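Working notes, structure below.
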Amino acid sequence: MNLTAAPGVPLVRSPVTHPLAWLLALALAHVAVRVAISPALKWDEAEQMLWSQQLALGYGAQPPLYTWLQWGVNRLVGPSVLALSLLKHALLALTYALMWLAGRELLAPRGAWWAAASLMLLPTLGWYSVRDHTHTVLVTAMACGAWWLLLRIVRQPRPLEFAALGLVCGLGMLAKYSFALVAGAMLLAALSEPQARRALLSRGWWWAPLVGLLVVLPHLGWLLSHLSEATAGTLSKMEIDAARGPLKGARHLLQGVAGTLLLFALFALWAFGGAWWRSPRQPALPWAQRVFGRYLLLVLVALLGMVLAGVTEFKGRWLLPLLCVVPLAAFAARPELQQHPRGARYTGAIVAMALLILLAAGLRPWFSGLRGEVDELNHPAAELGAALSAAGYDGRSPIIAADHMMAGLLRTRFPRASVGSCTVKDDDPLSDCVAALVARARAAGQGWLLVSRTDRLEPDWWALATARLPARPVRSIELPLRMVRDGTPPAHYQYLWQPAAPAPDQPQ
């Protein structure tokens, strides 16, 4: 394999030795592992199963793109763990591939491979996104795609690339609203560098804002009319406290940045040692290094501004799309590391980490069970579906769950049923929410199923849920948890099943 090919020059190689082939194999292995370990769902997975029942211009506090994609995959393979895993790992693979393409604009194949594979050393992407993230994966993929197209435009500006950049940026905004900070800092940093500025303002530049606006426009109308709904959840998670926030916010910001970048920094330092701070003999593309440096400075200024405004919470998944370019920027600043004699050590460490993450993904329910800390994946999803069917549920009537976890799980067991959740925290009173869904089922000539799980049941949920329904006994199901140590208490579920009323001409 030629490791010294010029940046941007395509290579001719066997498909088996291409890094993207191994990336595809890794993604498929993760899909197989996720499908094999448990039919139960994690938090974000259940949310997507619930939301993706229909297409909408918005879904609460999150932009709609991920749910649109999930809807499409569900149509192909059915609402299932397979559908969830296929989309998640396709987007993870796309993230690595786009960063590899961005790296090839600046580096030889070895450096581009390191820049992309180093994303696995950012825990929010390498591990936590495998566990349960959704929108974070998509927005990070779009951030990597935007960097690739920006670097490509600076090297050779063409209208097609401008249109592609606008498309990616528009999709980034539909992935997560925080992409606006990524795109804004990237644009300002590039415009501050003469070579990049000339390229970005060359013939056809207007395609980027035009395409981006056209992509975002349908959702923009919904956002403006649902602004409070779209922002309230995120603002509450930021825990804004203008009076006492700066010190706490600075500490949490530092923890978030360190949690995102420290593992990569330690691995790189272990592999290359003092080569990181020696001045490069032949700086590669100084304009790119200046763009990266100014981008990171702008991001830091924006984050510090949020700290001064009283934001006290900075989660790693919020910082990931902002900082995912750091490995590429690091290797672009030290291109001679591509010929470093200890480069094989870094490659081996990344491969080992990839295999370790795959192994951990397969063993995580057993780890939780052996520790006595029951994970969502330990719940007996298949057995619960079978028990409800045995109790008479027809598999088609609407399901009303006490939380979105139960709703999403049951949709994978009964894909022909519409599923909803009614909680105390909803805007509508709980009794009104349940009564409305029951009335809709009756109007359609269907039965309905109320269901809850004890470990997530809100106080008085059943009393409130049935307040406007005819009195009927609530029944229980008790099932052993999966992959847990002996003596672990079983899972408890409660349900109320009301079959459809017979038609007037049918016997009662």
Compute the distance from the alpha-carbon center of region 144-193 to that of region 61-76, in whole Å.
23 Å
Can you tell me which of 45-53, 286-294 comes out highest on packing, and rank the rest after it, using the mean Cβ neighbours within 10 Å?
45-53, 286-294
As an exercise, use a Förster radius of 25 Å and the Cβ-Cβ distance of Glu458 and Glu478 to find the FRET efficiency, rounded to the nearest 0.05.
0.80
Cut-off under 19 Å on the C-alpha distance; same-chain residues fewer than 8 positions from Lys425 excluded. Which aspartates and glutamates are left, in chain and number order?
Asp44, Glu47, Glu229, Glu239, Asp403, Asp455, Glu458, Asp460
Only bridges whose two residues both fall in the chain count here: according to DSSP, what percent of them are antiparallel, nearest 5?
65 percent
Mind listing the lone cysteines of the chain, meaning no other Cys beta-carbon sits under 4.7 Å from theirs?
Cys144, Cys169, Cys324
Rounded to the nearest 5, what % of DSSP beta bridges with both residues in region 379-498 are antiparallel?
65 percent
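Counting Lys and Arg as +1 and Asp and Glu as -1, what is the net charge of the other residues whose Cβ lies under 9 Å from the Cβ of Glu45?
Summing Lys/Arg as +1 and Asp/Glu as -1 gives -2.
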To two decimal places, what compactness ratio does the chain give when its Cα radius of gyration is scaled by 2.2 N^0.38 Å?
1.08
Which of the lysines could a cross-linker span from Lys248 if the Cα-Cα distance has to be under 24 Å and same-chain partners fewer than 8 positions apart are dropped?
Lys237, Lys315
In percent, what relative contact order does the chain have, based on Cα pairs under 8 Å that are 6 or more apart in sequence?
18 percent
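Applying a 10 Å radius around every beta-carbon, put 87-100, 215-228 in order of their mean neighbour count, most first.
Values: 87-100: 23.1, 215-228: 13.8.
Going from most to least packed, we get 87-100, 215-228.
Computed from the coordinates by the stated procedures, all read-outs in this text should not be read as laboratory data. Since the model is a prediction, treat every value here as computed from it, not as a measurement. Note: ideal-geometry Cβ built from the backbone for every residue, glycine included; neighbour counts use all protein chains shown.
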